């Protein structure tokens, strides 16, 4: 994990000069690297459990003319004068119990679970009225086909860390199809120094069903939130700061109806786990269950972001209450690096 952290930090060497403002043609493409890991912790208390890791790569782009693809046409747009940013993404996530060296089924902890999926998104924003819509559709798979177990074992061997031995207990292979819609609106602020933004997100499908509401606060030297993503700002003819630095916080409440990573897929009926047997009979396949999920979860994200030229980097700490009843809360860190052109 430390190797991955060092690699991401070295990428920040791409940062160029540090001027104030620019009226040049702005970038229309961007590559975004996103890394969640519970080893990242500002208090120095890294862990390897619950939602333990998630890696995502996004390719953002704009178009000179409206997209003709049917999926892009039906995704909501942010009114007259809106600007659209499209993206394609690939993400892998994994959940594990606290004791990853135990090969046996652990019903009193978080499950062994992994997913791999591709997503297509549209971010449509209105800089004049300061609101945005973001729509996302994803398809993928959970279970051994997600390669979450193989990824974790390979990384842990590489860094000479505890090799996980319980991935045979994960949920079986099942397909995932999900959709999400997010709406944001600026509620107040003070120039380019302070912004107060309210937002809500709905997720529905075979991966998860939940409603999230949040308050997003940004404070610092920055461009308006509703004029693009990171350094990707396709609005031309406007003055934009080439150097930004701001602090942010995003408290949020989540009402969760279903989470396949914690409960198993709805397509497979009752969850099926593959429990190791230490006898000569080999592995035993049997039905079993974990704790019920918590229907209401509180998360309090906070962090900072730096953008210089066409490169930006952000760090976020994401403490949350327990995902499942009777279990422990969790704390995940995130590093996001974006390069635009």
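The values are calculated or read from the model by the stated rules, or taken from the named source; none is laboratory data. Computed from a predicted model, the values in this text were never measured in an experiment. Note: ideal-geometry Cβ built from the backbone for every residue, glycine included; neighbour counts use all protein chains shown.
Each row is one residue, and each column tells you yes or no for (1) at pLDDT below 95; (2) closer than 16 Å to residue 135 by Cα; (3) surrounded by 13 or more Cβ atoms within 10 Å (Cβ to Cβ).
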| residue | (1), (2), (3) |
| --- | --- |
| 40 | no, no, yes |
| 43 | yes, no, no |
| 46 | yes, no, yes |
| 51 | no, no, yes |
| 68 | yes, no, no |
| 73 | yes, yes, no |
| 84 | yes, yes, yes |
(message) Any residue at all in the stretch 289-298 that's modelled with pLDDT under 85 and either exposed (fewer than 14 other Cβ atoms within 10 Å of the Cβ) or touching a strand residue (DSSP E or B) at 6+ places or on another chain (Cβ under 9 Å) (or both)?
(response) yes
